[in-house]
Amino acid sequence: MAMWPIQLCIIILATVLCGALAKRLGQSRVVGEIAAGLMLGPAVLGAINSDFYNIVFSNAVMPAMSQFGELGLVFLMFQLGLHLDLKSLQGRVPMRIPVVVALSGIVFPFAIGCAIAIISRTALAPEVPVLGYVLFCGLALSISAMPVMARIVMDLQMEGRFTATVALTAASLTDLLGWLLLAVITALSTGAFTWQHIARNVTLLLIFAAVSMLMARPLWARIIARQPSSGVTSRVLPAVICYVLLSSWITAEIGFHSAFGALMAGLVLRDLPGLEIEWRAKAEGFVALILMPVFFALAGIQAATGSVSLPNFWLWFGLFLIGGIAGKFGGSYLGARISGVGHSDASVIGALMNTRGLMELIVLTIGLKLGILPPSVYTMLFIMALTTTAMTVPVLRFFGHGNAREVAGTGGIAVKRRGA
């Protein structure tokens, strides 16, 4: 029986209701959408009515929704690249600011995570590989969730602002480094580690980026320039969508996530005349109303939960949470301050960088499947990811960042706004 229409209806209704509740509570819609996924998952819906859950959301009937979710991630990252205003950095600050923020925002929490893992291993993970467990905990604390951050930035109408641009640029660098670390840690844990393989993948990715910017971008510029002034890109929009999907496929084949290819496609097509207006008019609504909620809801539905009955569970969780916030927020704030950013802007950058979610869930899921993270530790880090994500908007409001109240606004992609 084809269950995907029923699944889609339930997910859309749940995400709309939970997103509206999140708005009322002053949160971003994405927090409500992830919460909706948790409610539809085995921990809540499965416990209330296991038969209904097994029929609708069991692993055997989820492939179609998983493809919807993956498509949502791809187009979310494309829209991020399309809207990302890198020019706001030019003439105001050197590129070293997001680089320093990214490095300090990953080194400090990684070290703290490894330290907590060493302390907690005897109590939480006595039977798992030592090196894999320690490195996975370090990576889990050092992650920033760029897609979730992007959705919050869009909900808050912060696109093009200095703080958001620095944070998103730093997060993209952090995610890239995170994928590299994940590949290395996974290889170390499975015994398949080779520097040649990693060097090959990185080289191919750099070649793809160079070809995209030096060859694909001028080609697209000529194609769009030939379109009539009326409906400037309507005729090539299907080709644009195909290009985004092809770019995503290439990076996935290289060995990285498809999201990087979609982001690269957005950067290639950014600022080309009329494209952003055409995309907003004809495609953005479907992505915002259907694909993105499905993606974030699936992150919650597919999240397994471990037992919280472990002795001192909440004590260890508190240690991971405090360490994660201190390392990520503190490290990013320190990196921004070292680079000459003022206290207020550095605090906003730190708050945005402390957002976790997507990348965190991917890392945790891989660690759980490889047997490196016990279910109880997986649950601690999963709750930590949701907690730090939910903290982002209140912290931005605490630091008096403008438009914090507008989180209850569109829920979609805001019009690009410039300025500090």
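The values are calculated or read from the model by the stated rules, or taken from the named source; none is laboratory data. Note that the structure is a prediction, hence the values are computed from the model and not measured. No Cβ is skipped: glycine too gets one built from the backbone with ideal geometry, and neighbour counts run over all protein chains shown. Quick note on the areas: whole protein, heavy atoms, side chains included, nothing else; ligands and nucleic acids left out. Shrake-Rupley method; radii C 1.70, N 1.55, O 1.52, S 1.80 Å.
The set of residues in the range 351-362 that are open to solvent by less than 20 Å² (accessible area, probe 1.4 Å) and in contact (Cβ under 8 Å) with a residue 60 or more places away in the chain comprises LEU352, MET353, ASN354, THR355, ARG356, GLY357, MET359, GLU360, LEU361. Restricting attention to the range 321-358, the residues that are under 18 Å from the mean Cα position of the chain (by Cα) and aliphatic (A, V, I, L, M) total 7.
Of the residues ILE34, ILE6, ILE11, the single one that is out of contact with any Cys (no Cβ under 9 Å at 6 or more places or on another chain), within 14 Å of LEU291 (Cα to Cα) and not acidic (Asp, Glu) is ILE11.
Consider the range 380-420 and keep the residues that are open to solvent by less than 10 Å² (accessible area, probe 1.4 Å), modelled with pLDDT of 80 or more and β-branched (Val, Ile, Thr). The one that is farthest from SER120 (Cα to Cα) is VAL393. Listed by first and then second residue, the pairs linking a residue in the range 316-339 that is crowded, with 23+ Cβ neighbours inside 10 Å and aliphatic (A, V, I, L, M) to a residue that is at pLDDT below 95 and part of a helix (DSSP H, G or I), with Cβ atoms under 6 Å apart and 6 or more places separating them unless they lie on different chains, are ALA336/VAL101; ALA336/ALA346; ALA336/ILE349. Is it the case that the range 196-210 has a residue that's touching a Gly at 6+ places or on another chain (Cβ under 6 Å) and either modelled with pLDDT of 80 or more or part of a loop (DSSP other than H, G, I, E, B) (or both)? No, there is no match, as no residue in the range 196-210 is touching a Gly at 6+ places or on another chain (Cβ under 6 Å) and either modelled with pLDDT of 80 or more or part of a loop (DSSP other than H, G, I, E, B) (or both). Among residues of the range 123-151 being out of contact with any helix residue (DSSP H, G or I) (no Cβ under 6 Å at 6 or more places or on another chain) and aliphatic (A, V, I, L, M), the one that is most open to solvent (accessible area, probe 1.4 Å) is LEU131. Of everything in the range 363-378 that is open to solvent by 10 Å² or more (accessible area, probe 1.4 Å) and touching a residue at least 40 places away in the same chain (Cβ under 8 Å), the residue that is nearest to ALA297 (Cα to Cα) is THR365. Picking from residues in the range 329-351 that are touching a Lys or Arg at 6+ places or on another chain (Cβ under 8 Å) and part of a helix (DSSP H, G or I), the one that is farthest from ALA145 (Cα to Cα) is HIS343. All conditions but one from (1) at pLDDT 75 or above; (2) open to solvent by 50 Å² or more (accessible area, probe 1.4 Å) apply to SER230; the one that does not is (1). With respect to (1) within 28 Å of TYR333 (Cβ to Cβ); (2) at pLDDT 75 or above; (3) open to solvent by less than 40 Å² (accessible area, probe 1.4 Å), the lone exception for VAL184 is condition (2).
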